[in-house]
Each structure stands twice: as C-alpha cells, then as structure tokens.
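Have a look at the structure below, then the notes.
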Amino acid sequence: MIYLDYQATTPLAPEAFAAMEPWLKTGFANPHSAHAAGRAAAAAVEVARDQVAALLPPGGRVIFTSGATEAINLAIMGAGLPVSAAATEHAAVLDCVHARHGQVLAVTEEGALQILPETGRWQAPGVTEGAGDKPAHIAADPLYHALRGPPPHAGEELLAVMLINNEIGTIQPIADLAAAAHAQNKLFLCDAVQAFGRMPIPDGPDMIAISAHKIHGPKGIGALWVRDGVSLTPQMLGGGQEQGMRSGTLSPALCAGFGAAAKLAAERMAIDAVHVSALWDRALAAFADWTINGATAERYKGNLNLRREGVDAARLISECRNIAFSAGSACASGSGRPSHVLRAIGLTDAQAKSSIRVGFGRYTTAEEIDIAAEAINRAAEAML
C-alpha cells in the first residue's frame, strides 16, 4: 500500500510510539489520583502540554481534548456567541455554525469574505461556476466591510477561519484576519489542524484548535489553545479534570504521544518542509495532464488537489486499490456530496466529482510518488 492521504491522518512516528509505550504498560495510573503513581502520570501529562505549547503563541493555555472536533465544539459552543465562518471551513466548524444558526461567509473572486443568507448545510451559492482557479484566500481589508453592521462590544461575536485548508491546502493570512476581527471587537478562532507542526502558527487568534494524528501522533487526542482572558463554558460536565474545562480522565499515553510528536515536528519542521516541497515538484510533473484546484502560491505543498475532466474520482479510488488517496475530506468521503470547499471556490458539481486529493509528507518517498502517479494516470486514461 502506498499511503498518500496525509490530510486525513499521518503514520504514527516511532518516537511518539516509544513515548506512549511506558504509559500503556507500567505507567497506567490515573493522572488525577493523588498517590505517587498518579502524580508521575500527571507529570508526564504536563511535560506533553509544554511540548505542544512550544509550537503555539505565548500568552495562552493548552486544554487537552479528544481531538480537534471536540476542541472546535468547545470553542464555538463554549463561547456562546453569534458565530460566522468561511464557507471553506471544515465540517466541524460549519456544523457548529449551523447549530448556532450562524453566518456562512463566501470566498469571493477578490478573496474577500461576503455574508450569505441562510442557504442550507453545505450550500455556498453566490459564487460563480468557473474554472475553479479562485485563490480561496481571504483579504483582511475587505473584512471590515464584509462583516456588516456597527462594531459590537468586545466579545460579542466570534469569527472562525482555518490556517491551512484541509482539502486544497491554501494558506490564509490569519494574523491579518485576526487583527481585522479584533478591530470589530470579535473573537477569532483558528482551525490550525493542518498547519500545526508544519509551519509556524501566527500570533493573533484567541483560540486555536489542533490534533495529534495530523502530525504523526496518536488518534484520540487534540487540544484547544485559549488566549489568556478568554472565557468559555465547559461542554463536558463531570469531574472537571482538565482545568475545569473538560471532564474525563486524561490518557497519559495519548498525551505523551502528542507531546513527542510535537517535539519532533518542531525539530524537523524545516527538514520536512524541504522534503515536502521536493515531492510537490515531482508530483506536479507526474500529474501534468491534471488541473490544480486552488492557488499554488500561498499553499501547503503537501496537499495536491487535482481534477481531470471525464474522471470519476470515486471509481478511480476504487480501481487504484493499492494506493491510499482521497476525493476530499475523510469525514465526508462516504456522503456522495460534492466537496463544499471545491464548490465554494467555483467548481461545478461535475468538476468537484472529478477531483482527487493526493497528500504526502515526512515518510513519503519520491519512488512512491512516481509509482502512484503512474497507476492513477493509467486508471484515469481508461475512463476517458
């Protein structure tokens, strides 16, 4: 199996597994217990917290969660504020916005945010059906005009925009967007799941959601970084074990794996970026007959989203059984719906359904790119 679905999850780093193993064997004590074994487990949790925090801005705290989805729910539902988010956000954000009857903001041709009327769960009408080459970047200056109405009092609204898009890899100017939101006295939430450990996280957001399994850590753990002074209402009630914000027994093993993965990512960030950039160049050459979805300039190079007219992405994935790649977000892969992200940047349903996402990273080899591209291209040609 050649694994090219790094946006869905990443292989567990050996260093992360090694950090977890003792806490799965002899160090199994409850980290919230007062005895010596419990205190040792609690100390391991705090070491991991510091390792994760080292990749985040200063002036905030790390709250461990079961993953980024829980972190996003805690941020949006816990803030309890009117919320708006870009139409290209992950389902975890959009579903929370939908639940709170918030605003979905379209990405316009110029890259500004534009308020849309309520249009349904995944709809983003108002964008044109074009070639899909919109940059999907959001400019900070038009934000003042896009978010209509007089500035509210501090903390009365929340805006959510992700740093690196999980489907097309485009990078948003989060620091500028956060500053523009703050100028209107809005809190700013950043989904940094695809960026954490791969690029420096800009200062500016009030809350940042991250996940371990996107950086070669274990599944089942993530975190919400909360700026000092930001108040949230807990969404999981019980013992209040995690700083009073998240009830339930923490897993020292998962925390240790997350911390080790974060520490390794910090050490390897520059090396990994060079490796991924070389793989991007190789993949571009191998998929020369395909069209790239989204901008190529401000983009994470480990995410290659492509389309080819006449190709059925679902059938292509089925026929290339020995290659793991996707047609978009894993959370919506079985829904049969065209990607809401691709529709938001102007693709038609047919274009979206002829698009694939090839994701690669630290453990991908150039040979794997070549073999996979040859097999995918051969299967695509047979459909035309």
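Among Gln235, Gln194, Gln184, Gln243, which is surrounded by 16 or more Cβ atoms within 10 Å (Cβ to Cβ), closer than 30 Å to Asn30 by Cβ and either modelled with pLDDT of 90 or more or in contact with a strand residue (DSSP E or B) (Cβ under 9 Å, 6 or more places away or on another chain) (or both)?
Details: Gln194 fails: closer than 30 Å to Asn30 by Cβ; Gln184 fails: closer than 30 Å to Asn30 by Cβ; Gln243 fails: surrounded by 16 or more Cβ atoms within 10 Å (Cβ to Cβ).
Matching residue, one of Gln235, Gln194, Gln184, Gln243: Gln235.
Output the number of residues of region 24-58 satisfying the condition of being within 13 Å of Phe258 (Cα to Cα) and not β-branched (Val, Ile, Thr). Don't jump to the end; show me each part of the working.
Step one: list which residues in region 24-58 are within 13 Å of Phe258 (Cα to Cα), which gives 44-55.
Next, from what is left, pick out any that are not β-branched (Val, Ile, Thr): 44, 46, 48-51, 53-55.
Of the residues in region 24-58, 9 are within 13 Å of Phe258 (Cα to Cα) and not β-branched (Val, Ile, Thr).
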**Request:** Sort out which residues of region 197-231 are free of Cβ contacts under 8 Å to residues at least 40 places away in the same chain and buried (at least 23 other Cβ atoms within 10 Å of the Cβ), and write them in order of number.
**Result:** Asp206
**Asked** Being in contact with a helix residue (DSSP H, G or I) (Cβ under 7 Å, 6 or more places away or on another chain), under 30 Å from Tyr363 (Cβ atoms) and not in a loop (DSSP other than H, G, I, E, B), is that true of even one residue in region 196-207?
**Response** no
**Item:** Members of region 347-368 found to be outside any strand (DSSP E or B), under 25 Å from Ala273 (Cα atoms), of a type in the set (Gly, Ala, Ser) and open to solvent by less than 30 Å² (accessible area, probe 1.4 Å), listed by number
**Value:** Gly361
**Fill in**
Looking across region 345-359 at residues that are more than 25 Å from Ile369 (Cβ to Cβ) and either among the acidic types (Asp, Glu) or touching a strand residue (DSSP E or B) at 6+ places or on another chain (Cβ under 6 Å) (or both), the single one that is modelled with the lowest pLDDT is Gly346
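Pick out, from region 1-109, the helices (runs of 4 or more DSSP H) lying fully within it that include 2 or more residues that are within 19 Å of His340 (Cα to Cα) and open to solvent by less than 30 Å² (accessible area, probe 1.4 Å).
Here the list reads 91-99.
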**Prompt:** Does any residue of region 249-265 turn out to be open to solvent by 20 Å² or more (accessible area, probe 1.4 Å), charged (D, E, K, R) and closer than 20 Å to Val45 by Cα?
**Reply:** yes
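The values are calculated or read from the model by the stated rules, or taken from the named source; none is laboratory data. This structure is a prediction, so every number in the text was calculated from the model and none was measured. We place every Cβ from the backbone using ideal geometry, glycine too, and count neighbours over all the protein chains shown. All accessible areas refer to the heavy atoms of the entire protein, side chains included, with ligands and DNA or RNA removed. Shrake-Rupley method; radii C 1.70, N 1.55, O 1.52, S 1.80 Å.
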